Amino acid sequence: HWDGPAAPRVRMLPDRLPAAQLPPPEGKMKVALGWSEAELAPVWHDFAMTPHLTVIGDTESGKTNLLRLVAQAVTCCYTPDEARILLVDLRRELLDTVPQEFRLGYAVSAAVVGQMIAEVTGQLRQRLPGQEITPEQMRRRDWWAGPEFFLLIDDYDLVASSANSPFAPLAEFLPQAGDVGLHVVITRGAAGSMRTSMDPVLRRVQESNTPDLALSCPPSEGPLLGNVRPRQFPPGRGMLLTRRQHLVLQTGFVDPPARSESH
């Protein structure tokens, strides 16, 4: 029979969060990945502080969409002279997402991936700081010139294995990625996630304290980063995991570009 003020309604994450409702990227480059469940506030990933990001999830969980979100942010923050994007896209779903002037490479097979990685690592090797580079130069990062490299890999597990990975030459650059202008975003399937420690590239990424965005995954797959158990979520929802904490968020949804008839 209470006729006083009613309790406020419990705010909940939407089933779909249009990326347009997220704040624009800040600086070069801090990207809003989505809204947190606890505060319904933006969840940010700062590629300047943390150069890499990994994403794991089942089919149709939102992995490719997350790559679209990052690619869109890169093209908003930078000019083509300042940043270039390399795409590994076996299912050919990302080509129309990245304007031609931003594309440095586009691979749809392991053979092409190997060629693309060889070219990029050659340029990265020239950026490695030598003995003569001072701490002040390291802070300014002014001993090399050229664009930032954003390597976006969809379905990593379909391209690489622990025994034979075309991405293996990247491993030596991942710990110094922030110094040489390399940023890697990897999506992979949930099946077999326990074998991650056997892959030299994924292991090196994890050793660099890279967060892992765990979208919907079968609970039977075993513990994820930080010993968090996998959970099943609606599409686009997941947990952003670090070694110290995790939070649930709804990632921003990017409408895929309309395909032309030639596709």
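The values are calculated or read from the model by the stated rules, or taken from the named source; none is laboratory data. Values in this document were obtained by computation on a predicted structure and should not be read as measured data. Every residue, glycine as well, gets a Cβ built from its backbone with ideal geometry; the counts of neighbours run over all protein chains shown. Each accessible area value is taken on the protein alone, full model and side chains, heavy atoms only, with ligands, DNA and RNA left out. Shrake-Rupley method; radii C 1.70, N 1.55, O 1.52, S 1.80 Å.
According to a simple spin-label model (label point 7 Å from Cα along Cα-to-Cβ), what is the distance in nm between Glu136 and Gln115?
Output for this residue pair reads 4.5 nm.
In segment 8-62, which GluC sites (Glu not before Pro) fall in coil by DSSP and have 13 or fewer other Cβ atoms within 10 Å?
Filter output for segment 8-62: Glu39, Glu60.
Which number do you get for Rg(Cα) / (2.2 N^0.38 Å) in segment 28-98?
In units of the 2.2 N^0.38 Å rule of thumb, it is 1.18.
Report the normalised scattering of segment 132-205 as log10 I(q)/I(0) at q = 0.23 Å⁻¹, calculated by the Debye formula with identical scatterers on the alpha carbons.
-1.04
Alpha carbons only, please: Rg and Dmax for segment 1-122, in angstrom.
Reported Rg and Dmax, both Å: 18.9, 75.
So how much slack lies between Gln100 and Met12, counting 0.36 nm per residue of separation and subtracting their Cα-Cα distance, in nm?
Residue separation times 0.36 nm, minus the Cα-Cα distance, leaves 27.8 nm.
Run through every distinct alpha carbon pair of the chain and return the Kirkwood hydrodynamic radius in angstroms, one decimal place.
19.3
Under 25 °C and 0.890 mPa s, how fast does segment 44-175 diffuse according to Stokes-Einstein, given a Kirkwood radius computed over C-alpha pairs? Answer in µm²/s, whole number.
Answer from the Stokes-Einstein relation: 153 µm²/s.
With all distinct Cα pairs included, what does the Kirkwood hydrodynamic radius of segment 71-115 come out to in Å, to one decimal, could you say?
It is 10.9 Å.
Could you report the chain's accessible area per residue, 1.4 Å probe, as an integer in Å²?
51
Take the Cα gyration tensor of segment 1-51, multiply each eigenvalue by 5, square-root it, and list the three semi-axes largest first, rounded to whole angstrom.
With the √(5λ) rule applied to segment 1-51, the semi-axes are 34, 11, 9 Å.
Based on DSSP H runs of at least 4 residues, each adding -39500 (n - 2.57), what is the mean residue ellipticity at 222 nm of the chain after dividing by all its residues, to the nearest 500 deg cm²/dmol?
Taking each H run of at least 4 residues, the total per residue is -6000 deg cm²/dmol.
Over segment 1-148, with every protein chain in place, what whole percent of the accessible area is carbon and sulfur at 1.4 Å, could you tell me?
51
What net charge do the residues around Phe233 carry, taking every other residue with its C-beta under 12 Å from that of Phe233, with Lys and Arg at +1 and Asp and Glu at -1?
Combined, the nearby Lys, Arg, Asp and Glu give -2.
Above 18 Å lies some portion of the pair distances; for segment 104-232, what is it as a whole percent of all C-alpha pairs?
Across segment 104-232, Cα pairs with separations above 18 Å total 58 percent.
Taking Cα pairs under 8 Å and at least six residues apart, what relative contact order does segment 198-263 come out at, in percent?
Normalised by residue count, the contact order of segment 198-263 is 26 percent.
Of Ala214, Gln176, Pro18, which is farthest towards the positive pole of the chain's charge dipole, taken about the Cα centre with +1 and -1 on the beta-carbons of Lys, Arg and Asp, Glu respectively?
Checked the options; the winner is Ala214.
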